[in-house]
Structures are given as structure tokens and as C-alpha cells.
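The structure under discussion appears below in the form of C-alpha cells.
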Amino acid sequence: MKKNNKSIFKTNQGFTLIELMTVMAIIGILASAIMISLSVQKKRATVNKVLTEMSGIMENIYLCKSDDGTVNAPGATGGNDICSINGNYGKWPKIDGDGFSYPTGINFSTSTWYYSAIPSDHTMETVCCNSTSGKCGKVSGGCGVNTIIK
């Protein structure tokens, strides 16, 4: 008598539906964690870029004031000449492409001045630069992020 041994030695090739769905769920969770991390890093990079650009013009503002020039307002998005004497003092950084704008009412007529960049996306940090006035909260005589404008 001969037995049919085919069913005893049958090997499963492939994965079950549950195994495939489990792997896909794990991959989805990892992908979403990576996307969130990249989003946060992109916002930090944008804030650091604006901070660097705004820090870079502080010397030009000091030079303009020491040469008895008037510091021009940046306008809403920048691009204006920094100093009224001539364009050699540079231009205000254009920050609208980075999702920031300059607030109105920036006044450079006194020795205690400040300027700031406000993000349109409220999850990003405000950038503020000032003379020795301490107008930007934690920062006095420089630029900083996530500051309280007094």
C-alpha cells in the first residue's frame, strides 16, 4: 500500500497576508516618523538662515549710524537700502521667500534700536536683533531666536 506523502512534505513559499500587513504597518510608522523629523529640521534651517542674514547686516547698521546716516526701514519683505547715504551699506535681506516678514514701526532714530522678523507660520521662531537696549528679551546687543519683543 502506497501512501500519498505530498501533503506531509509540502513547503509554504511566501508570506501570509497578516505578515505582509504587519511589515507594511511598521514601514508606514517609520516613514511618518522620518517625515516629521525632516519637517522640523527644515523649519530650523529656515530660521537659522534668516538669523544669519539678519545678523550679517548689524555691522552695516552700526556703520550707517556712525557715518551720520539714517537707517531706512526694511519694508514688509526687505530689499530696501539699509542706509540713506547710499547703497554701499547693503540692502535689507529679502525674507518673504522664507515665510517671514518685517513688522511695521521699526525705529532707528534713537541709540536703542531693534528689528525683527516675524514668521507667517506660527510654529517657527521669531528672529530679533537689537542694539544694547535689550528690546529682544534674552538678547542684548545681538540677534537671537524665540525672543520676546518688549
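The values are calculated or read from the model by the stated rules, or taken from the named source; none is laboratory data. This one's a predicted model, so the numbers in the text were calculated from it and none came from an experiment. Cβ atoms come from the backbone with ideal geometry, glycine included; neighbour counts cover every protein chain shown.
In the set Leu51, Leu20, Leu30, Leu63, only one residue is surrounded by 10 or more Cβ atoms within 10 Å (Cβ to Cβ) and either within 16 Å of Gly144 (Cβ to Cβ) or of a type in the set (Asp, Glu) (or both); that residue is Leu51. Taking the stretch 67-92 as the range and being out of contact with any helix residue (DSSP H, G or I) (no Cβ under 7 Å at 6 or more places or on another chain) and not in a loop (DSSP other than H, G, I, E, B) as the test, the residues that pass are Gly87, Asn88, Lys91. Out of all the residues in the stretch 93-100, is one or more among the hydrophobic types (A, V, I, L, M, F, W, C), modelled with pLDDT of 85 or more, assigned to a strand (DSSP E or B) and over 15 Å from Ala73 (Cα atoms)? Looking through the stretch 93-100, at least one residue is among the hydrophobic types (A, V, I, L, M, F, W, C), modelled with pLDDT of 85 or more, assigned to a strand (DSSP E or B) and over 15 Å from Ala73 (Cα atoms). In the stretch 66-125, the qualifying residues are those that are in contact (Cβ under 8 Å) with a residue 60 or more places away in the chain and not polar (S, T, N, Q), and the one that is surrounded by the most Cβ atoms within 10 Å (Cβ to Cβ) is Ala117. The listed residues are Ser7, Ser55, Ser39, and the only one of them that is at pLDDT below 85 and part of a helix (DSSP H, G or I) turns out to be Ser39.
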